[in-house]
């Protein structure tokens, strides 16, 4: 999986999780201590998500890492030594 494909997949999962939580981008930005444009850039797939960002996003959206990475091929999980997505 190419990095830009992973960025796009995570972006979609963040948008979906935020929508399910009935949060605005501003709300998520406040939770994360980020600006709204940074959240917008992430949700557009134009901002790379670091591991630290992933932890913050999971906490703010009350989701698991598996949920954040939903749709990522199982070989990516295996290469990281993680249990495959359910």
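Read-outs: derived from the displayed coordinates by stated rules, not from any lab. Predicted model only: the values in this text are computed from it and were never measured. FYI the Cβ positions are ideal-geometry reconstructions off the backbone, even for glycines, and counts take in every protein chain you see.
Condition check ((1) touching a residue at least 12 places away in the same chain (Cβ under 8 Å); (2) within 16 Å of residue 12 (Cα to Cα); (3) touching a strand residue (DSSP E or B) at 6+ places or on another chain (Cβ under 7 Å); (4) assigned to a helix (DSSP H, G or I)) across all residues:
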residue	(1), (2), (3), (4)
41	no, yes, no, yes
46	yes, yes, no, no
52	no, no, no, yes
63	yes, yes, no, no
78	no, no, no, yes
Scan region 5-36 for residues that are touching a residue at least 12 places away in the same chain (Cβ under 8 Å) and either in contact with a strand residue (DSSP E or B) (Cβ under 7 Å, 6 or more places away or on another chain) or within 14 Å of residue 73 (Cα to Cα) (or both) and report the count. 5
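Pick from 23, 1: which is surrounded by fewer than 17 Cβ atoms within 10 Å (Cβ to Cβ) and more than 10 Å from the chain's Cα centre (by Cα)?
Numbers: 23 fails: surrounded by fewer than 17 Cβ atoms within 10 Å (Cβ to Cβ).
Within the list 23, 1, the selection yields 1.
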Only one residue in 71, 33, 81 is farther than 22 Å from residue 3 by Cα and exposed (fewer than 15 other Cβ atoms within 10 Å of the Cβ), so which one is that? 33
